[in-house]
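In what follows, a structure is listed as structure tokens, so that the remarks can point back to it.
Only the coordinates and a few stated rules stand behind these numbers; no lab work does. This is a predicted model, so every value here is computed, not measured. So basically every Cβ, Gly included, is an ideal-geometry build from the backbone, and we count neighbours across all protein chains shown.
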Amino acid sequence: MHRFLTYSACILAFVLCLLPSFAATPTNTLPIVYITTTNNQAIDSKETYVTGSLRIDPKNSGYPALASVPAQFKGRGNWTWNGFDKKPYRIKFDTKQAVLGMPNNRHWCLLAYADDYLGFLKGPAGFIISEALGLRWTPRIRPVELVINNQYQGLYFLTEHVRIAGNRVHITEQADNATDSVTGGWLVEIDNYWSENNIEFDEGNGQHVMVSLKEPEVLSSAQRTYLENQIYGLNDAIYGSSSTDLWNRLDLDEAVKFYLVQEIMEDCESYHGSCFLYKDRDRNGQTDKWKFGPVWDFGNAYDRHQETWIYDTPVFAQYWIGQLATWPEFQQKVREYWWIYYHAHKDSVRSTIRAFADQIESAAKRDAEVWKNTQNYRDNSNFSDVRDRFFRRYDWRINWLYSQWNEGTEPNTWDIESTQEEPSRGHKILRDGHLLIECDGRVYNLLGQTVR
């Protein structure tokens with residue numbers, strides 16, 4: 001009898017070892033997103049939404065719970081959808097929802113970061129650096145654990161979807177795409193996937209560029225002609241000889257901040273795909289400038305690990321940035337924003353990323369239990385090791401950029417055309433990533449304008 005029980009115990013242990021890895025359960029260290037689809041239908045298409053509901057248990061995050069609300073779900077991504085068993089998803093609520101402290105909207109993403117072998121930290125780090133440098137909008141992101149139809153899916157990242165909205169890409173939407181009127185702004189993406197709606201051209205160095213339409217996607221003939229002329233004109237200006245023409249078309253500050261995020265992250269695919277640009281509608285005869293941003297995909301960050309610029313012999317074609325980097329105004333502004341980042345943000349960014357890593361550690365280890373031995377699996381099971389490897393890459397890149405730019409160039413506080421008198425004395429302060437001047441009890445920005 002004893003021998004039989006021992007034999008049975010061995011068989012049971014063997015069977016348990018063969019159970020699928022999705023038998024893992026949440027760690028309860030992060031908010032849990034519960035998705036239930038109609039009739040437990042699988043979310044297996046990027047084109048067709050599946051109906052269902054979503055609720056959020058915030059656990060101990062301090063964010064409010066979200067009761068079960070109707071929503072639709074589908075897949076998203078390109079390589080991240082096709083190359084991995086762990087899939088990313090799109091969420092479209094029936095009505096706008098504010099989730100986990102983020103402003104309300106119908107459209108959200110659940111990013112899997114299945115391609116990240118550095119502790120799921122590359123994407124969040126890029127967003128944190130973007131926020132520090134003060135891009136006009138950076139998508140908010142929250143780590144969560146995901147359960148779909150009662151099956152635990154591991155660690156995911158609930159993220160704002162890039163789209164036009166008052167609390168996202170804040171530009172005027174087109175009121176009517178069926179007319180010839182240009183009544184709103186534009187959100188486009190330098191892309192590496194062909195679509196029949198793409199705007200295509202050869203940039204000045206001969207590389208073929210594809211720009212996809214994000215919002216609006218459907219244009220009248222006149223609207224498309226307008227947008228094509230805008231894109232072609234920007235390309236001509238980048239490769240032209242008139243700095244006035246270029247910087248009248250392109251927002252210099254946003255272009256530099258976007259670039260600096262990519263250079264710090266050593267993202268050699270940053271101007272090849274998922275590279276967004278937007279502009280608002282033209283008003284009162286003035287053409288609004290194109291702006292780079294928001295940042296999005298850092299899947300290839302720190303992959304090359306070479307001491308060179310991201311546009312120098314990249315693995316993927318880096319459109320426009322190699323030429324933009326030749327403009328003196330661009331390089332000067334880069335050195336100024338580097339000065340601000342180096343003095344005000346490099347250490348606090350590192351600390352913020354470290355706190356984020358601590359927050360996701362338990363869920364990251366559990367995620368490894370779920371997805372080990374699956375397609376193109378990136379092993380983050382030894383989390384402390386991959387976390388430390390990430391920080392070695394971050395420190396290495398900061399040190400290399402310092403070897404090129406040193407501390408950068410302190411911004412010229414009063415290099416402006418203004419009738420306002422320059423304060424006779426004062427000292428510089430850094431507030432929320434902005435260099436300001438405090439003088440006689442008042443605070444001024446770099447344009448000499450009073451700041452609250």
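Overview of results
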quantity: Single unsatisfied condition, V69 versus (1) in a strand (DSSP E or B); (2) hydrophobic (A, V, I, L, M, F, W, C); (3) within 21 Å of the chain's Cα centre (by Cα); calculated: (3)
quantity: Members of segment 79-131 found to be over 13 Å from the mean Cα position of the chain (by Cα) and acidic (D, E), listed by number; calculated: D85, D94, D115, D116
quantity: Identity of the residue in segment 266-305, free of Cβ contacts under 8 Å to residues at least 60 places away in the same chain and not polar (S, T, N, Q), that ends up farthest from G83 (Cα to Cα); calculated: G285
quantity: Given (1) in contact with a strand residue (DSSP E or B) (Cβ under 9 Å, 6 or more places away or on another chain); (2) within 28 Å of R76 (Cβ to Cβ), number of the condition N373 does not satisfy; calculated: (1)
quantity: Qualifying position, being over 22 Å from S381 (Cβ atoms), touching a strand residue (DSSP E or B) at 6+ places or on another chain (Cβ under 9 Å) and touching a residue at least 24 places away in the same chain (Cβ under 8 Å), among L135, L146, L110, L155; calculated: L135
quantity: So Y113, is it among the aromatic types (F, W, Y) and under 25 Å from Q375 (Cβ atoms); calculated: yes
quantity: Selected residue (only one of G184, G206 is of a type in the set (G, A, S) and in contact (Cβ under 8 Å) with a residue 60 or more places away in the chain); calculated: G184
quantity: Verdict on W309 being aromatic (F, W, Y), in a loop (DSSP other than H, G, I, E, B) and closer than 25 Å to E410 by Cβ; calculated: yes
